[in-house]
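Report on the structure given below.
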Amino acid sequence: MEVARGLEGVLFTESRMCFIDGEAGKLYYYGIPIQELAEKSTFEETTFLLLHGRLPKREELEAFKRDLASRRGLPEHLLFSFRRYPTSAHPMSFLRTAVSELGMLDPTEGDISKEALYQKGLDLIAKFATIVAANKRLKEGKEPIPPREDLSHAANFLYMANGVEPSPEQERLMDAALILHAEHGFNASTFTAIAAFSTETDLYSAITAAVASLKGPRHGGANEAVMKMIREIGTPERAREWVQEKLAKKERIMGMGHRVYKAFDPRAGVLERLARLVAEKHGHSQEYQILKIVEEEAGKVLNPRGIYPNVDFYSGVVYSDLGFGLEFFTPIFAVARISGWVGHILEYKELDNRLLRPDAKYIGELDRPYIPLEER
């Protein structure tokens with residue numbers, strides 16, 4: 001039996017949520033192209049789609065938005081705990097611990113009935129933005145800002161994080177970024193969430209496991225590496241030489257390549273347009289120019305091998321413009337992806353929630369004698 005390294009190509013379940021055509025560079029949420037959702041939808045509407053499998057009617061959407069907004073507040077006990085977390089902690093560690101603590105504060109933590117999972121899932125979707133924004137404020141030596149129910153999810157997130165109500169343009173940028181990151185099939189963190197939940201653990205534990213997985217630099221942390229790359233390059237004039245040096249040494253170009261896509265990542269295409277808008281209007285033209293040169297120069301060698309920019313390549317420029325530092329890029333990813341995690345857990349439970357138990361090909365020895373300690 002062949003070993004599927006990294007479980008590549010292994011089908012372990014069925015899903016209607018997400019389809020990725022890696023060869024053509026296409027992504028769909030419940031059959032709707034991601035470009036249409038990013039252009040026309042909102043994070044709340046996309047979340048409804050991921051949880052229900054269909055777009056809501058107007059009255060359903062308004063009720064859903066009100067429901068989510070009403071759940072944004074955090075328990076006082078948790079806010080008290082936040083002040084005792086070390087300010088040096090990585091924001092993903094902060095988020096991971098906060099989710100675990102939310103579980104301890106829920107007297108019905110272990111209820112994994114369908115309705116309980118849905119309600120707890122809505123709570124987590126609403127609260128993730130509040131947790132991340134509170135962490136940002138505390139790291140800056142400021143007080144967390146309570147959520148506002150009159151703002152959209154994207155606008156409220158920016159308001160809590162930065163202390164000022166965002167412009168409609170900033171709100172739209174964040175909305176699009178959250179939609180683009182909300183779901184992407186059975187990536188490492190989603191698979192981790194499903195693997196944990198298949199044991200019939202509680203939702204908080206499954207989501208805590210997913211957050212821990214997303215923290216890894218080979219998954220959620222890649223957008224941080226892209227911004228570090230921009231800083232290392234320094235100026236657009238140095239970009240071509242830098243790329244050539246990296247390729248000559250056979251070193252990776254951060255933000256280029258994806259396990260699934262052998263064409264341009266459709267999410268990267270949307271984010272490139274957003275990054276260009278940011279560059280034109282808000283003075284981030286140098287960062288954008290560096291990325292365009294890197295994309296062009298690296299593409300000469302990498303594109304023929306099916307390696308193109310991925311979702312992380314341009315997202316950092318957008319996040320920086322919205323007021324976030326490097327270490328908060330992955331938590332923003334989590335604020336979006338919590339919708340996909342919850343949606344997949346609900347879907348997997350509906351299918352049969354079969355316990356995941358893969359095997360490994362044994363390559364060790366057999367029948368080795370036990371040697372007494374004094375003879376070794």
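The values are calculated or read from the model by the stated rules, or taken from the named source; none is laboratory data. Because the structure is a prediction, the values reported are computed rather than measured. Virtual Cβ from ideal backbone geometry, glycine too; neighbours counted across all protein chains shown.
Descriptive notes on the structure:
- Selection status of Glu200, in the same structural domain as Ser41 (by TED's automatic domain parsing), buried (at least 18 other Cβ atoms within 10 Å of the Cβ) and charged (D, E, K, R): no
- Checking Leu151, Leu178 one by one, the residue that is hydrophobic (A, V, I, L, M, F, W, C) and surrounded by fewer than 23 Cβ atoms within 10 Å (Cβ to Cβ) is Leu151 and no other.
- Hey, Asp202 over 26 Å from Leu351 (Cα atoms), charged (D, E, K, R) and at pLDDT 95 or above or not: no
For (1) at pLDDT 90 or above; (2) touching an Asp or Glu at 6+ places or on another chain (Cβ under 6 Å); (3) within 16 Å of Gly316 (Cβ to Cβ); (4) not hydroxyl-bearing (Ser, Thr, Tyr), each residue gets a yes or a no:
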residue	(1), (2), (3), (4)
Ser213	yes, no, no, no
Pro217	no, no, yes, yes
Asn223	no, yes, yes, yes
Ile230	yes, yes, yes, yes
Arg238	yes, no, no, yes
Glu245	yes, no, no, yes
Ile253	yes, no, yes, yes
Gln289	yes, no, yes, yes
Val301	yes, no, no, yes
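- Residues that are hydroxyl-bearing (Ser, Thr, Tyr) and closer than 21 Å to Leu326 by Cβ, drawn from the range 204-261: Ser213, Thr235
Per-residue answers, yes or no, for (1) among the hydroxyl-bearing types (Ser, Thr, Tyr); (2) surrounded by 16 or more Cβ atoms within 10 Å (Cβ to Cβ); (3) not in a helix (DSSP H, G or I):
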{"position": "Pro217", "(1), (2), (3)": "no, no, yes"}
{"position": "Asn223", "(1), (2), (3)": "no, yes, no"}
{"position": "Glu232", "(1), (2), (3)": "no, no, no"}
{"position": "Lys250", "(1), (2), (3)": "no, no, yes"}
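- For the range 97-109, a tally of residues being crowded, with 22+ Cβ neighbours inside 10 Å and of a type outside the set (Val, Ile, Thr) returns 2.
- Qualifying residue in the range 263-271 (condition: buried (at least 18 other Cβ atoms within 10 Å of the Cβ), farther than 30 Å from Lys127 by Cα and either modelled with pLDDT under 95 or not assigned by TED's automatic domain parsing to the domain that holds Phe186 (or both)): yes
- Helices (runs of 4 or more DSSP H) wholly inside the range 1-93 that include at least 1 residues being within 21 Å of the chain's Cα centre (by Cα) and not assigned by TED's automatic domain parsing to the domain that holds Ser339: none
Yes/no matrix, rows are residues, columns are (1) part of a loop (DSSP other than H, G, I, E, B); (2) in contact with a helix residue (DSSP H, G or I) (Cβ under 6 Å, 6 or more places away or on another chain):
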| position | (1), (2) |
| --- | --- |
| Glu169 | no, no |
| Leu180 | no, yes |
| Ala195 | no, no |
| Thr199 | yes, no |
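- Of the residues screened, Leu95 is not one that is closer than 18 Å to Ser339 by Cβ and in contact with a Phe, Trp or Tyr (Cβ under 7 Å, 6 or more places away or on another chain).
- Residue, surrounded by the fewest Cβ atoms within 10 Å (Cβ to Cβ), within the range 296-338, restricted to residues that are farther than 30 Å from Lys127 by Cα and among the small types (Gly, Ala, Ser): Gly306
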